[in-house]
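What follows is calculated from the coordinates using simple rules that are stated; it is not laboratory data. Because the structure is predicted, anything quoted here is derived from the model rather than measured. Glycine gets a Cβ as well: all are built from the backbone with ideal geometry, and neighbour counts include every protein chain shown.
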Amino acid sequence: QRMGVSLDGATLYIREEGWKELKLGVIFDIAMKPTQDTQSGEIVDLARAVNNRYVAHLGGPDVLGEKTWALARRCGWEQAQDTIVLGDGADWIWNQAALHFGRSHQVLDWYHAKTHLVAAARLLKQEGTAAFTRWLNRRETLLYQGHALTIAQGLEQAAQRDLVNAEELITAAGYFRSNHHRMNYIEMREEGWPIGSGVVESGAKQFKARFSGPGMRWSRQGAQNLLPIRAAVLSRRFDHTWAAAKNLPPT
C-alpha cells in the first residue's frame, strides 16, 4: 500500500577517464517493524524499507530518473496508496523527484540534515565544549520537530554578528531554508514514514564494494554491462533476470 524511492551516487574508476559517478535508484515497500528509536532509546514500531529493488546508470541523472521511474511502474508504483521520495540535499535528486515522482511526499535524510547542523555548530561554538553541546542539542530538537526555518533564521542572524564566518553561515542557513518543507521529521515518523535514506546509501556501498575495490579499473562498456547484473543481485532477482536474458530471441 505504501512505497518509496531513494536516489544516490557512488564512484568508480573508468580507464582513460578517471573517477566517474554512477547513479542508482531503489524502489522499496514500506513496512512497520520493531526498532530502537534513536531519539528515545525505546523499542517502537517504525517504518522500514523492505523488498528493495535497484537500478543503476553510469552517467547523468536524467537517464537514471527514467530508469528508476520505469522500475517503479513495474513494481506497482501507480497502484500504491501513498508514496515517498527520500534523498540527501543534492539538487539532481529533487529535480528527478519533481519530474517523475511529483505527487510523492519528500523527506530529506535525517542523518544528512544532522550532519549539516553539526557543521553549523562548529562555526559558532568550540567543538567539545558545553556550549557547543547545548547549542547542538537544542537545534537538533527543533529540527526533529520540523522547525528548520527557525534554525535558518538563527543562522542568518548569527551571520550578521560573525563577519568571519558570515558566508558559511549564510550557506548553512540556505540549506535549511530551501529544504524546510522536506524536514517535517516528527510528523512524517508519526504518520508511519521512514525519515532516513539508508536503504540507498547501503546499496551505494554494495555497488562500490563490487566496482571500486583496490586496484579496480573498468572500461566504460565493461562497467555498463555489469551494472544491471549487480542491480539484479542486490534486488534478489538475478535468476529471473538471467532466465529472461537467456530466452531473448537471437539478434
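Other residues whose C-beta falls under 12 angstrom from the C-beta of E17 contribute a net charge of +2, scoring Lys and Arg +1 and Asp and Glu -1.
The length gained on full extension between I170 and Y13, counted as 0.36 nm times the residue separation minus their Cα-Cα distance, comes to 53.0 nm. Ranked from largest, the principal axis spans of the Cα set of the stretch 1-118 equal 52, 39, 22 Å. The Kirkwood hydrodynamic radius of the stretch 76-156, based on inverse pair distances between different Cα atoms, is 14.5 Å. Between the helical axis of 166-178 and the longest alpha-carbon principal axis of the chain there is an angle of about 60 degrees.
Taking packing as the residue-averaged number of other Cβ atoms within 10 angstrom, the listed peptides 214-222, 80-88, 23-31 run from highest to lowest as 23-31, 80-88, 214-222. Could you give log10 I(q)/I(0) at q = 0.15 Å⁻¹ for the chain, computed by the Debye formula over C-alpha point scatterers of equal weight, without solvent? Per q value, in the given order, log10 I(q)/I(0) is -1.11. When the square roots of the Cα gyration tensor eigenvalues are ordered a ≥ b ≥ c, the ratio a/c for the stretch 152-206 is 1.5 or more and a/b does not exceed b/c, which makes its shape oblate. Relative contact order for the chain using alpha-carbon pairs under 8 Å, separation at least 6, rounded to a whole percent? Dividing the mean separation by the residue count of the chain yields 24 percent. Each eigenvalue of the Cα gyration tensor of the stretch 65-204, multiplied by 5 and square-rooted, gives one semi-axis; in descending order these are 32, 15, 13 Å.
Neighbours of L136 by Cβ distance under 11 Å: Lys/Arg scored +1, Asp/Glu scored -1, total +4.
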